[in-house]
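Read through the structure below, which is laid out as structure tokens, and then see the notes.
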Amino acid sequence: MTLLELDNIVVEFPTRRGPLEAVKGLSLELNEGQILGLVGESGAGKSITGAAITGLIEPPGLIRSGQVRLRGQRIDNLAPEKMRRIRGKEIGAIFQDPLTSLNPVYTVGEQLIDTMRVHLGLDHKAARKRAIDWLAEVGIPAPEARLDQYPHQFSGGMRQRVVIALALCAEPKLIIADEPTTALDVSVQAQILALLKRLCRENGTAVILVTHDMGVIAETADRVAVMYAGRLVEIGDVAQVIQDPLHPYTKGLMNSIPQIGNRDARLTQIEGAMPGLRNPAPGCAFAPRCPQAIDTCRTLRPIPVDAGSGQVACHLFGEAQ
Amino acid sequence: MNDQAQSPDILSVRKVSKRFDISEPFLNRLLERRPRRILTAVDEISFDVPRGKTFAVVGESGCGKSTVARLLMGLHTPSAGTIRFEDSDITHMAPGKPPALRRRMQMIFQDPFASLNPRWRVREIIGEPLKNFGICKTRAEVTQEVEKLLVQVGLNAADAKKFPHEFSGGQRQRLSIARALTTRPELLICDEPTSALDVSVQSQILNLMKDLQDEFGMSYIFISHDLAVVWYMADVLAVMYLGKIVEVGPKEQIFENPQHPYTRLLMGTVPKLTVGGIERAPVSGEVPNPISPPSGCSFHPRCPLANETCRTVSPELKVRAGGAHSACHAADAGRLPSWTRMAAE
Ligand SMILES: Nc1ncnc2c1ncn2[C@@H]1O[C@H](COP(=O)(O)OP(=O)(O)OP(=O)(O)O)[C@@H](O)[C@H]1O
Ligand SMILES: Nc1ncnc2c1ncn2[C@@H]1O[C@H](COP(=O)(O)OP(=O)(O)OP(=O)(O)O)[C@@H](O)[C@H]1O
Ligand code: SF4
Ligand SMILES: [Mg+2]
Ligand SMILES: [Mg+2]
């Protein structure tokens with residue numbers, strides 16, 4: 001069953017130098033129990049897409065057009081108070097920056113207990129017991145002793161796990177996880193991913209997993225969406241996108257993954273940088289860096305067409321060729 | 001530079017410990033008769049960073065990597081031990097002091113969000129140390145240098161006008177890298193410098209760091225949990241577990257024939273790009289707790305080779321065939337099974 005639909009959303013930041021479109025018309029669907037990996041160039045708009053879903057775009061930024069629907073109901077136009085209730089209860093957000101989600105003046109335990117009392121209506125004692133369970137679930141050693149500590153007394157990776165526990169403890173139906181495991185070593189990472197997968201399997205929770213770690217994507221996601229300069233350039237099943245990427249940017253990304261044992265003096269990189277989002281040139285945003293670009297690429301913007309196990313936006317595909 | 005007169009190591013750390021007092025306030029303790037609680041984040045570690053090389057540190061979340069970095073930068077005071085930068089004892093130096101020395105030693109923090117002043121524009125954030133340390137004399141020079149640094153880390157010269165909140169996570173990390181490079185430090189401490197970056201930008205930054213090393217002989221302390229990145233960057237690799245270095249030595253040696261069961265376990269949990277069905281077994285056994293660490297070898301509760309000695313006596317770092325050092329009774333007694341990375345895969 002479809003849980004979430006993004007319908008051609010455009011996110012804009014008005015700035016003194018004119019409006020800046022961080023997301024330039026993006027559509028996606030997500031089913032219950034599904035894990036969608038969202039990858040792409042740093043600055044491509046992954047976090048902003050997450051913020052659009054959770055209603056957390058920082059003003060003066062706004063969703064200029066398009067719709068976000070949760071179980072068919074529009075949520076992009078709700079009053080802030082209503083949206084706050086949906087967030088937490090229906091949508092759990094794990095932010096890229098763990099410090100913004102943790103309040104430095106409350107202990108980790110107080111924050112977890114509060115969240116569960118508000119969203120699940122538990123009493124203090126029950127909530128405290130669950131809070132300890134959650135800390136253990138995300139792999140914090142000695143959870144009982146840690147419960148009464150403040151965020152600054154935790155290591156970077158431990159804080160990240162507290163944020164994960166906070167997002168999960170209200171048992172939301174949709175989880176937006178923005179780089180949830182970047183600060184974590186591989187063994188803790190494995191534990192968190194196993195936890196997310198179990199929630200999907202057992203509770204039908206759906207997850208949008210933003211990460212640049214292809215190992216994590218390969219292990220966890222069902223589908224993968226690839227973003228570049230505010231747009232989706234490729235979407236498909238995880239096996240196809242990782243093993244047989246179609247879009248030249250996705251190919252470049254896959255080739256850049258460092259490998260243990262490789263003795264090359266330099267890592268493969270995609271030459272150049274992503275263009276600024278302001279005053280985009282006509283044509284494909286990746287054209288200036290694309291080794292396969294043809295003349296059309298510099299003049300006409302490619303629109304997504306069916307290819308592989310999903311869609312790809314590139315002139316090398318579709319009926320034009 | 002006249003390398004002759006200098007020692008081969010730019011930084012030397014000897015028996016450095018950091019203990020945090022995490023007890024409840026005195027009155028609560030008195031009323032509830034709770035004991036004082038001490039968390040040992042770093043436990044008597046010693047290492048040397050060779051000049052012009054990369055000393056990488058890996059280890060589980062919470063094992064003390066960032067605490068080591070902060071101790072070196074003077075952001076924490078060691079509870080014991082000494083830290084020397086070349087011939088200067090910097091063990092009890094305040095952060096930023098003395099300036100002549102500190103500009104030679106910079107740090108990229110794990111959290112790019114907390115380390116950039118939100119009210120400053122990029123040109124001020126990066127330009128300030130350029131002016132402060134007298135690297136650039138005129139405003140035009142500052143502007144030019146700021147723009148050059150931005151392009152080096154894969155941003156645009158026009159980004160100099162923006163504020164930190166206008167950047168994405170990975171772009172902010174690149175700003176903090178650019179800022180750390182302003183004073184042309186000789187030693188750069190990097191705490192997870194690229195974990196917020198996508199792999200293609202990561203390649204750009206790591207290639208840049210290698211170029212700087214080749215060109216200016218920079219030394220790096222490189223903290224990361226990504227073993228593939230460590231493989232690419234490291235010359236010397238140290239593996240930490242619960243505040244201690246359990247194995248240290250030449251990178252190749254440690255990747256190819258690790259001499260500590262924890263290192264072997266780490267090498268075996270690297271995620272693979274194989275799709276579907278794989279479920280990496282999370283490491284079994286009790287997760288260590290630095291507030292009351294296990295007796296003997298702190299890895300023994302999770303170690304498949306642990307015996308009675310391991311449960312009671314703390315093993316010491318000893319040199320192994322191949323030149324790496326590891327702290328393990330099984331290795332001492334020749335009980336480590338033979339190992340190849342292939343076997344772990
Ligand atoms: N408050 C803001 N004002 C102006 N521009 C912004 C603002 N927030 C983000 N942007 C811009 O929007 C673009 C998308 O940012 P976003 O944070 O979504 O990137 P991302 O894909 O999550 O990247 P990363 O992988 O580095 O986290 C970036 O280029 C950024 O500069
Ligand atoms: N200011 C502090 N007060 C109390 N305890 C602290 C403080 N800073 C760190 N610790 C504790 O010291 C231990 C080591 O923390 P540190 O941040 O060095 O870990 P780390 O190896 O960098 O982990 P990560 O990979 O998660 O960043 C942790 O148990 C942490 O809770
Ligand atoms: S000392 Fe013993 S417990 Fe520790 S790692 Fe070696 S074999 Fe395992
Ligand atoms: Mg982001
Ligand atoms: Mg750390």
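The orientation-averaged projection of the convex hull spanning the C-alpha atoms of chain A amounts to 18.3 square nanometres. Restricting the calculation to Cα atoms, region B:9-234 yields a radius of gyration followed by a Dmax of 18.9, 64 Å. Highest GNM mean-square fluctuation among B:Arg29, B:Arg103, B:Arg174, for chain B modelled with Cα contacts below 10 Å: B:Arg29. In the Gaussian network model of chain B, springs joining C-alpha atoms below 10 Å, which of B:Thr312, B:Thr40, B:Thr183 carries the largest mean-square fluctuation? Most flexible of the set in this elastic network: B:Thr312.
Based on protein heavy atoms only, chain A ends up with 42 Å² per residue of surface accessible to a 1.4 Å probe. The residues of chain B expose on average 43 square angstrom of accessible surface per residue, using a 1.4 Å probe on protein heavy atoms.
Each part reduced to its alpha carbon centroid, region B:118-134 and region B:142-213 end up 14 Å apart.
Taking all protein chains in place and a 1.4 Å probe, what share, in percent, of the accessible surface of the protein assembly as shown do carbon and sulfur account for?
Details: 14600 of 28310 Å².
Of the solvent-accessible surface of the protein assembly as shown, carbon and sulfur hold 52 percent.
With respect to chain A, whose longest principal axis is taken over its alpha-carbon atoms, helix A:186-203 is tilted by about 80°. Shape summary: region A:28-89 maps onto an equivalent ellipsoid whose semi-axes, from the alpha-carbon gyration tensor, are 19, 17, 11 Å in decreasing order. Using the Cα coordinates of the protein assembly as shown, the gyration tensor eigenvalues translate into equivalent-ellipsoid semi-axes of 38, 31, 26 Å, sorted from longest to shortest.
Note on region A:80-152 and region A:1-68: Cα centroid distance 26 Å, given to the nearest whole angstrom.
Our coupling estimate for region A:149-159, obtained by passing each phi through the Karplus curve with A = 6.51, B = -1.76, C = 1.60 and θ = phi - 60°, is 9, 8, x, 5, 8, 9, 6, x, x, 5, 4 Hz, Gly and Pro reported as x. Residues of region B:96-122 buried by at least 20 Å² of accessible area upon assembly of all protein chains, compared with the chain on its own (1.4 Å probe): B:Gln110, B:Asp111, B:Phe113, B:Arg121.
Taking A:Ile270, A:Ile164, A:Ile140 as the candidate residues, the one with maximal mean-square fluctuation in a Gaussian network model of chain A, Cα springs under 10 Å, is A:Ile270.
The angle between the Cα long axis of helix A:124-137 and the main principal axis of chain A comes to about 50°, on a 0 to 90 degree scale. Take the accessible area of B alone and of A alone, subtract that of the pair with a 1.4 Å probe, and the total buried over both chains is about 5300 Å².
Quick check: from the Cα gyration tensor, does region A:1-104 come out rounded (a/c under 1.5), prolate or oblate? It is rounded, given that a/c, with a ≥ b ≥ c, falls under 1.5.
Residues of region B:60-79 buried by at least 30 Å² of accessible area upon assembly of all protein chains, compared with the chain on its own (1.4 Å probe): B:Glu60, B:Ser61, B:Gly62. Calculated from the alpha-carbon coordinates, region A:111-243 shows an Rg and a Dmax of 16.1, 49 Å respectively. Rounded to the nearest 10 square angstrom, B:Arg320 shows an accessible area of 30 square angstrom against a 1.4 Å probe.
Indicate the residues belonging to region B:218-265 that lose 40 Å² or more of solvent-accessible heavy-atom surface (probe 1.4 Å) upon moving from the chain alone to the assembly of all protein chains, ignoring ligands and nucleic acids. So the qualifying set is B:His225, B:Ala228, B:Trp231, B:Tyr232. Taking only the Cα atoms of region A:57-96, the ratio Rg/Rh comes out at 0.96, with Rh defined as the Kirkwood radius. Hydrodynamic analysis of region A:85-152 uses the Kirkwood radius over alpha carbon pairs. Inserted into Stokes-Einstein at 25 °C and 0.890 mPa s, it gives a translational diffusion coefficient of 195 µm²/s.
The values are calculated or read from the model by the stated rules, or taken from the named source; none is laboratory data. Please read these numbers as outputs of a predicted model, since none were measured by experiment. Note: areas computed on protein heavy atoms with side chains; ligands, DNA, RNA excluded. Shrake-Rupley method; radii C 1.70, N 1.55, O 1.52, S 1.80 Å.
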